[in-house]
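Report on the structure given below.
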Amino acid sequence: MRVAIIGSGGIGRGYAAYLTQQGHQPVLWSPSGAELADFAGRAKLTVTGKIVASLPIAVAQSCADAVAGAETVIVAVPANGFRTVLETLSEHLHHGQSVVISAHSSFAALYMHDLLAKRGITLPIAAWATTALTARKTGPRSVNISGIRARLDVATVPRRFAAEGHSICQALFGDRFEPREDLLAIMLSNLNPPGHMASMLCNLTRAEQGEDWPNYGSTTRGVGRIIDAMDAERLALAAAFGLAVRSVQDHYALSFGVTPGPVGEMAAAVYAMRPELMGPKTLDTRFITEDVPFGLVPLELLGAVTGVAVPLHQAGIALFNAVCARDFRAENDLLPLLDLGGLDAAGLHKRLRDG
């Protein structure tokens with residue numbers, strides 16, 4: 001299958017390596033154009049970790065070139081790049097194609113659906129709660145794939161295309177996808193924002209001063225109790241919509257194979273297995289700049305719609321606003337375009353299911 005991958009960071013390149021190994025034909029494109037220089041002259045991608053290979057990588061000169069002839073398009077860019085990328089991508093998609101958003105946040109799939117609807121096009125848009133693998137760039141032409149997830153949640157917008165969206169994901173990445181009820185279930189299954197909020201707040205000076213600190217090794221029992229308490233708020237939001245989503249303990253157990261228990265204890269077990277996973281050495285990190293505006297802020301909106309109190313989510317937004325001297329609510333550039341604030345819980349849920 002020809003697959004356009006929008007985004008050439010660690011995840012995008014990891015997907016390109018994995019799909020190439022599976023016999024697919026991926027092509028990379030990102031707005032930065034970094035991949036054009038990195039892979040000039042038919043340079044190969046060096047892959048280490050879960051895949052060890054040297055692979056040729058096809059790159060596109062433009063978004064239009066990448067999408068032309070592709071059966072599926074995978075969006076693998078940071079959340080704060082969603083709006084620009086989705087608006088560009090929507091101009092080049094056609095009937096018969098499909099879209100995968102990896103990983104989904106802040107109603108991005110709904111925005112993609114709305115953009116296409118203006119052109120009279122309806123496509124399956126599959127949303128994942130997280131990425132299919134963990135990977136990072138280790139050089140201009142190298143990537144390390146540190147993990148391939150055994151299970152992954154997926155939902156499709158509009159919901160009537162759920163079977164098709166699930167089938168497409170399986171065709172690309174194998175039998176690892178758990179169908180969820182709808183897009184809202186995917187949004188409420190993203191465990192990065194609360195985990196990153198707690199670890200960043202409790203290791204703030206270490207990050208700001210550029211110190212080395214282990215991500216999971218610094219998730220002490222106290223930090224874990226913050227994550228546990230935030231998880232209770234997230235699960236209460238899911239219950240208000242009649243949804244059942246995995247707990248943070250379930251997430252740790254499925255992702256790392258550790259015994260369920262308090263998050264602090266589970267994180268210690270992960271650290272024992274993966275001591276190389278380090279925390280950010282700056283405040284200019286996706287742990288803050290993505291996860292606060294595109295992770296915590298949408299859940300604050302869901303709390304307002306349902307009447308479910310989310311004081312720790314709101315406190316996290318306020319604290320990071322103060323720490324970074326920024327207004328992270330204003331930095332979410334998707335929410336104002338969707339006009340969701342006037343809906344009640346039932347209306348919002350219907351919109352997220354049916355587009």
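Restricting attention to segment 81-123, which trypsin sites (Lys or Arg not before Pro) occupy a DSSP loop and are surrounded by at most 15 other Cβ atoms within 10 Å? Write out the running numbers ahead of the final one.
Details: sites: R83, K118, R119; in loops: K118, R119.
Within segment 81-123, the qualifying trypsin sites (Lys or Arg not before Pro) (loop, at most 15 other Cβ atoms within 10 Å) are K118, R119.
Take the alpha-carbon centre of segment 248-319, take the same for segment 12-52, and report the distance between them in whole Å.
That distance is 29 Å.
Along segment 163-172, what does the Karplus equation 6.51 cos²θ - 1.76 cosθ + 1.60 (θ = phi - 60°) give for ³J(HN,Hα), rounded to whole Hz, x for Gly and Pro?
5, 5, x, 4, 5, 5, 4, 5, 4, 8
Step through the residues of segment 298-304 one at a time and calculate ³J(HN,Hα) from phi using the Karplus curve (6.51 cos²θ - 1.76 cosθ + 1.60, θ = phi - 60°), rounding each to whole Hz and writing x for Gly and Pro.
Going residue by residue, I get x, 5, 4, 4, 4, x, 5 Hz, with x marking Gly and Pro.
Taking square-rooted eigenvalues a ≥ b ≥ c of the alpha carbon gyration tensor, is segment 215-331 rounded, prolate or oblate, where a/c under 1.5 means rounded and, failing that, a/b exceeding b/c means prolate?
Details: a/c = 2.27, a/b = 1.19, b/c = 1.91.
Cα axes put segment 215-331 in the oblate bin.
Got a number for carbon plus sulfur as a percent of segment 251-337's accessible area, 1.4 Å probe?
Result for segment 251-337: 59 percent of the exposed heavy-atom area is carbon or sulfur.
How many Å² of accessible area per residue for the chain, probe 1.4 Å?
Working: 14020 Å² over 355 residues.
Per-residue accessible area for the chain comes out at 40 Å².
Loop-only trypsin sites (Lys or Arg not before Pro) in segment 129-186, please: DSSP not H, G, I, E or B, and at most 13 other Cβ atoms within 10 Å.
R151
With a point put 7 Å past each Cα toward its Cβ, work out how far V52 is from W213 in nm, to one decimal.
3.5 nm
Starting from the amide H of V100, placed 1.01 Å from N in the peptide plane, find each other amide H under 5 Å away whose residue is 5 or more places distant or on another chain.
Counting only residues 5 or more places away or on other chains, the set is V73, I74, V75, A126.
With the Cα gyration tensor of the chain giving a ≥ b ≥ c as the square roots of its eigenvalues, does the rule (a/c under 1.5 for rounded; else a/b larger than b/c for prolate; else oblate) give rounded, prolate or oblate?
Since a/c reaches 1.5 but b/c is at least a/b, the shape of the chain is classed as oblate.
Near the amide H of Q25, under 5 Å away, which other amide H atoms are found, from residues 5 or more places off or on another chain, if H is placed in the peptide plane?
Close amide H contacts, sequence-distant or interchain: R2, V3.
What GluC sites (Glu not before Pro) does segment 143-239 have in DSSP loop regions with at most 14 other beta carbons within 10 Å?
Details: sites: E164, E181, E208, E211, E233; in loops: E181, E211.
Those satisfying the criteria are E211.
Just grab the label-to-label distance for A37 and A309, each label 7 Å out from Cα along the Cβ direction, in nm (one decimal).
5.2 nm
Given only helices, namely DSSP H runs of n ≥ 4 each adding -39500 (n - 2.57), what is the per-residue ellipticity at 222 nm of the chain, to the nearest 500 deg cm²/dmol?
Estimated from H runs of four or more residues: -12500 deg cm²/dmol.
For the pair R286 and R326, how long in nm is the line joining their label points, each one 7 Å along Cα→Cβ?
Output for this residue pair reads 1.4 nm.
Rounded to the nearest 10 Å², what accessible area does M273 show when all protein chains are kept and the probe is 1.4 Å?
The value for M273 is about 100 Å².
The values are calculated or read from the model by the stated rules, or taken from the named source; none is laboratory data. Please read these numbers as outputs of a predicted model, since none were measured by experiment. When we count neighbours, we look across all protein chains shown, and the Cβ atoms used for this are built from the backbone with ideal geometry, even at glycine. SASA here: full protein model, heavy atoms, side chains in, ligands and nucleic acids out. Shrake-Rupley method; radii C 1.70, N 1.55, O 1.52, S 1.80 Å.
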